[in-house]
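So the structure is just underneath, and the comments pick up after that.
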């Protein structure tokens with residue numbers, strides 16, 4: 001059973017190489033049975049088949065080249081190229097009867113596979129596997145017949161078993177592995193596409209909901225402004241409300257633009273202590289209204305690089321959320337720490353806190369911990385601005401004990417020294 005042993009060893013090598021090729025290719029998002037990619041690896045495996053072939057007679061070599069020709073021809077449309085490679089490689093072993101037999105057997109096979117390729121990919125996966133296996137069985141039978149006519153093997157049972165069983169088995173195994181890898185890739189791409197569509201739908205719903213409310217209010221007051229006998233004082237009051245509602249709608253749009261395009265408009269030096277104190281002054285009325293007390297501990301030094309307006313927007317959102325998380329009052333701590341390389345900003349509240357699930361979803365564009373009262377726009381913008389300013393943010397929280405936001409940004413001075421170097 002020498003031929004059978006050689007064939008099983010050859011098949012094992014092909015399956016091992018194919019496994020690593022598919023694993024490596026599956027990691028690539030662009031894996032789609034590329035002809036160039038398939039031809040490269042098929043030629044390498046053809047060379048391995050010839051290197052480990054069985055040669056009971058000087059004029060004939062027994063190997064599993066037909067597996068690669070059939071798989072490559074049907075699945076990648078490179079049947080003619082592989083047949084040319086087989087003929088060239090066989091030519092290195094000598095121009096003798098076995099060489100002419102290879103041309104006679106494989107040249108028509110390459111043409112048939114080239115013709116079958118478009119039809120083959122229109123078939124369902126199960127039928128593709130059946131077609132590949134049946135094709136290998138036909139070629140195996142023709143090979144055995146050619147072998148019997150040319151030079152009959154000494155051990156007919158060994159030769160017949162090797163050619164009639166192992167190639168169809170190998171084609172069936174490899175076809176199944178390819179179909180399995182392709183199905184997994186299709187499932188993954190469909191899942192990603194579905195998630196993207198779902199995100200777009202929910203984003204669209206959030207945008208329309210947030211914009212519709214202020215626009216509906218503005219339209220109502222515009223209709224009131226159309227009344228001829230409206231007192232000037234009321235007219236001015238209604239115009240002020242219309243302006244506020246339109247600004248609210250504009251702010252919603254700006255929040256989404258900040259998320260989708262977090263690039264900074266202006267790059268400047270930001271004094272962290274000064275800007276945070278300004279944010280605290282803006283939110284002090286809201287804090288007093290909610291019985292929240294500010295506690296600050298700022299480092300004397302500390303500047304970062306970024307957009308001052310977006311810095312304000314980021315920390316207005318975070319501190320406002322912290323205040324709203326303490327509806328019955330509490331303590332809000334804002335601290336900064338300075339080092340030669342980084343500046344750390346810590347914002348800690350004593351509010352209601354968040355669950356582990358809420359922490360994991362924090363920052364999603366359509367998720368809010370406020371329930372129906374929020375859309376997740378604020379935290380979505382915070383994470384986008386922090387990324388744009390080359391910073392990082394960590395969040396720790398515990399139910400009924402509070403939440404801690406820790407921001408870290410590169411120091412402006414450290415950045416200057418880096419550029420000078």
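The values are calculated or read from the model by the stated rules, or taken from the named source; none is laboratory data. Bear in mind the structure is a predicted one, so any value in this text is a computation, not a measurement. Here Cβ is always computed from backbone atoms with ideal geometry, including for glycine, and neighbour counts include all displayed protein chains.
Remarks
Conditions (1) touching a helix residue (DSSP H, G or I) at 6+ places or on another chain (Cβ under 6 Å); (2) surrounded by fewer than 19 Cβ atoms within 10 Å (Cβ to Cβ); (3) not assigned by TED's automatic domain parsing to the domain that holds residue 392, marked per residue:
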position	(1), (2), (3)
287	yes, no, no
295	no, yes, no
327	no, yes, no
354	no, no, no
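- Any hit, the stretch 172-192, residues being out of contact with any helix residue (DSSP H, G or I) (no Cβ under 7 Å at 6 or more places or on another chain), over 30 Å from residue 125 (Cα atoms), assigned to a helix (DSSP H, G or I) and at pLDDT 80 or above: no
- Checking 343, 270, 334, 323 one by one, the residue that is at pLDDT 90 or above and within 13 Å of residue 385 (Cβ to Cβ) is 270 and no other.
- Flag for residue 104 being surrounded by fewer than 23 Cβ atoms within 10 Å (Cβ to Cβ) and farther than 22 Å from residue 53 by Cβ: no
- Across the stretch 331-346, the number of residues qualifying as within 19 Å of residue 289 (Cβ to Cβ) and either in contact (Cβ under 8 Å) with a residue 60 or more places away in the chain or within 32 Å of the chain's Cα centre (by Cα) (or both) comes to 0.
- Summed over the stretch 107-159, residues that are surrounded by fewer than 17 Cβ atoms within 10 Å (Cβ to Cβ), farther than 28 Å from residue 183 by Cβ and in contact (Cβ under 8 Å) with a residue 40 or more places away in the chain total 5.
- Residue satisfying condition, being at pLDDT below 90, within 18 Å of residue 10 (Cβ to Cβ), in contact with a strand residue (DSSP E or B) (Cβ under 7 Å, 6 or more places away or on another chain) and in a helix (DSSP H, G or I), within set 72, 98: 98
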